[in-house]
Each structure stands twice: as structure tokens, then as C-alpha cells.
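Beneath this line is the structure, given in C-alpha cells, with notes to follow.
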Amino acid sequence: MQSEEDLFTHQDTLANLHENIPLTEKLRFLHQIIRQDFSFIDRLAIALYDEKTEMLKTYTHSTEGSDSPVTTYEAPLSAAPSLHAIIEHRRPRLVQDLNIFSKGTHEHTQRVAAKGYKSSYTMPLYQSGIFIGFLFFNSLQEHPFDPKSLRQIDIYGHLIALMVINELAAIRTLLAAVRAARSMTHYRDLETGSHIDRTAHYARLIARKLAASYGISDEQIEHIFLFSPMHDVGKIGIPDNILRKPSKLDDTEFDVMKTHPVKGREIIDSVLQDFGLGALGHTNILRNIAEFHHEAVDGSGYPSGLKGDEIPIEARISAVADVFDALTSRRSYKAAWSNEQAFALLRQMSNSKLDRDCVEALINNADKVLEIQQRFRDNDLI
């Protein structure tokens, strides 16, 4: 006869998925579970699709250290016909021998081959019927997938897809709530949608270029990309007579203005609590961007007077992205600066107000900066 103690002898195999851990850690945990049944699966990886730019970008993977062949990488979906065919057929792609792509010239194809991967199973990810990215199962063996294993792998694939969708949906809820809070006040955002897009892409560009030296993961890069435009949310707590004053603020008014980073952190904390999003991964990136984007590397910034590396890297990245776009955008009170003029000022501000590495990461990729500007032009300039 079963005793009461026997009711709780089984440990849920996937219990770790309940924990408040980043998506990457959950993916690595699931990879360990999957390998118990399918030892030939050597790598899981997720790439997200950016509908605005039609780019695929690496998001997260299950391999440790430098073993992953493709990180901090993006490419047009149109440059990968085999992947594009997955969407057209709306079915997964099974490649039992990756040698069929041996003549491929695309960088991601060459990277995968260089790491010795021999086969792959690729599932498209959809959210409410809308394509959002790909899930890759890679193996170092040829012809390892059979119909029986694929049926079980599909189950794991959909579990991973639900994890990704849940995370992205939570992020969208958070961003929508923050934007709604901003729009429900007397503060009317003078920044255009194009400014928000440009700032986000500048921040992503900087983060990608610093990833190797600062240990920034693809998952963190994506969150920096999503959260950078929210840096000034605290301005909804600043009175209109100060926020919209056309002339220079006096000392008392500027002291009030300098409270907006702390107000931003408070607003974000409130939204996270009210919407039950406290367990969402990497929310500290959003908090740090909002609270510390006006800190200066020489310690002269606010609200905390942090110096150098005391300032979170995401806040240093966001500051450079925002200052550059402010300089190169036309406003009612100023003409747009040229990129060269803006780059020159950013260099002058390096190691005093702005982080030198972040500045150089932007300046050294002037061609990509121009691509962002051309793609996200202000409507009145088209």
C-alpha cells in the first residue's frame, strides 16, 4: 500500500524551468535533458527575426564559452535561401549532411562548418501565426535524425518555442506598459518613432562590437536593443513648465530635471511589480539604463556620481547612442549635425562624459551608422 511519503518521491525532471533564471540558462538545462535521450544533439541555438529590418540575429545558444560557431551575428534573411524556404513551406528543415552547403559563401554557413557540425534540424518559430525566428538542433554526426527521434525532438522544440515566446511576450508587455505610462501623463514625447528606432539600433551596434571584450551575450545585446529607448521614461514625472521650457533651466529647475533617472527606476519597478514581471530575465538592464544613463565616466554625472566601470555598460552604451542621435537629428531649436561633426564631439567627450570604448565602437562603424540613418529617417525628411 502506498504511504503518504510515497506521494512525493518523484522529482520533476524539468523543475528548473520554474526558476527565475535567464533564458540561456534554461536552454542549457534543457539541452542536458535532451542529450540524455539524444546524445547526438550537440548544440541548440535560437535566431530571432527583426521584421523592420528583415534581418536574422543570433539570440541565444546552449554551448559554453567560445564553442558556439555563430554569436553576435546578423544577416538578411534574404541572404539565406535555404532558411527562407522553411518559411515558404511552413515546415521544419532536416539536413542530414551539411556538406550539401559546402560551397556556401555566407559567413554563418562557413562558421558552422568550421566547428565541425555535420547535420541540423531547424524549426521555424511562430507567435500567433507570425514568424519570429528559428530554433536549430545541430549535431557533429551525419544522418543522426530518424523519424522516431524527430517526433520527440519536436516536442522539446515546441517547449523551447513556448519559453521564447513567453519571454518575448513579457518584454513586449513591459515595454507597452512603460510607454502607456508615458503617454497618460501631460508629458508628450517630442521624440519621433524614428529616433527610438535609431537609438535602439545604435545601441545594438555598439553592444555587438563590445561583446567579446565585455562578455556581453546575444541575449543581453537583444535586451539592450529593446530597452535603450526607454532611458528617459522618468521624464513623465517632471512638470511641463520645466520639461518644455524653451530657454535654459535655472539651477533649481535643473535640480528637478536631474530627478528623472531615479523616477524612471521607480516607474519601472512599479510596472514590474504591478504586471507580475519581476521574474523576467535581464530587467536590471532596463533599470540600469533608466537610472544611470546620465552618469559620466569622470564622476560628474547624476544621480549617483558613478565613475568609469562603476556605471553599468548598458547605461554607457545607451548614453552614447542617445547623444549621437540627438546631435544628428533636426529639432525645432537646431539643425542636424553631420555625422563627422557629431563624431568629433563624441571624441571630445570621451573619458570625461562618455565611455571611450562605446564611442569608438560607434565611430569605427560609420558605414553601419549610415545604414541605420537611411533606414530610419524622420518622416518629415523623406
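The values are calculated or read from the model by the stated rules, or taken from the named source; none is laboratory data. These numbers were taken from a predicted model, which means no experiment stands behind them. Neighbour counts are summed over all protein chains in view; Cβ atoms, including those assigned to glycine, are modelled from backbone coordinates with ideal geometry. Keep in mind that these areas ignore ligands, DNA and RNA; they rest on the heavy atoms of the full protein, side chains included. Shrake-Rupley method; radii C 1.70, N 1.55, O 1.52, S 1.80 Å.
Side notes on the structure shown:
- Dipole magnitude (debye, nearest 20) for the stretch 281-382, charges at Cβ of Lys, Arg, Asp, Glu: 280 debye
- Charge tally in the Cβ shell below 12 Å around GLU219, where Lys, Arg are +1 and Asp, Glu are -1, GLU219 excluded: -1
- FRET efficiency estimate (nearest 0.05) - Cβ-Cβ, GLU25 to SER213, R0 22 angstrom: 0.45
- Shape summary of the stretch 113-256, radius of gyration then Dmax from alpha carbon positions: 22.3, 73 Å.
- Put simply, when 357-368, 259-270, 30-41 are sorted by average Cβ atoms within 10 angstrom per residue, most first, you get 259-270, 357-368, 30-41.
- The stretch between GLU51 and ILE165 holds 39.5 nm of extra length on full extension. This uses 0.36 nm per residue minus the Cα-Cα distance.
- Its Cα centre serving as origin, the chain has a Cβ charge dipole (Lys and Arg +1, Asp and Glu -1) of approximately 1140 debye.
- Nonpolar atom fraction for the chain, defined as the carbon and sulfur part of the 1.4 Å probe accessible area, stands at 50 percent.
- Taking the alpha carbon gyration tensor of the chain, multiplying each eigenvalue by 5 and rooting it gives semi-axes of 41, 26, 18 Å, largest first.
- Taking the chain and dividing mean pair separation by its residue count, relative contact order in percent (alpha carbons under 8 Å, at least six apart): 13 percent
- Spatial separation of Cα centroids for the stretch 28-90 and the stretch 289-311, in angstrom: 36 Å
- Probing with 1.4 Å while keeping every protein chain in the model, the per residue accessible area of the stretch 162-300 equals 43 Å².
- For the stretch 48-179, the calculated P(r), taken from all Cα-Cα distances in 5 Å bins from zero up to the bin holding the longest distance, is 2, 9, 18, 23, 22, 15, 7, 3, 1, 0 percent.
- Rg ratio (alpha-carbon, reference 2.2 N^0.38 Å) - the stretch 263-309: 1.30
- Helix 193-214 and the longest principal axis of the C-alpha atoms of the chain enclose an angle of approximately 60°.
- Mean Cβ neighbour count within 10 Å, used as a protection proxy, ranking 5-12, 204-211, 117-124, 278-285 highest first: 204-211, 117-124, 278-285, 5-12
- Label-point separation in nm, THR173 to SER102, each point 7 Å along Cα→Cβ: 5.0 nm
- Förster radius 30 Å - calculated FRET efficiency between PHE275 and TYR73 (Cβ-Cβ, nearest 0.05): 0.40
- Listed by chain and number, the aspartates and glutamates whose C-alpha is less than 17 Å from the C-alpha of LYS118, apart from same-chain residues fewer than 8 away, are ASP42, ASP67, ASP97, GLU107, GLU142, ASP146.
- Angle of helix 366-375 to the longest C-alpha principal axis of the chain, folded into 0 to 90 degrees and rounded to 10: 90°.
- Mean separation of Cα contacts under 8 Å (6+ apart) over length of the stretch 9-135, as relative contact order %: 21 percent
- Using alpha-carbon coordinates, inclination of helix 313-328 to the longest axis of the chain, degrees: 50 degrees
- Computed across the stretch 295-380, the Kirkwood hydrodynamic radius from all distinct Cα-Cα pairs reaches 13.6 Å.
- Highest-first packing order for the peptide set 319-331, 130-142 is 319-331, 130-142, based on the mean count of other beta carbon atoms within 10 Å.
- Cα-projected label distance for LEU345 with SER149, points at 7 Å along beta-carbon direction, nm: 5.9 nm
- A straight Cα-to-Cα reach below 13 Å connects LYS258 with the aspartates and glutamates ASP232, ASP250, GLU291, GLU295, residues fewer than 8 places away in its own chain not being considered.
- Projecting the alpha carbon convex hull of the stretch 234-371 along each direction and taking the average yields 9.8 nm².
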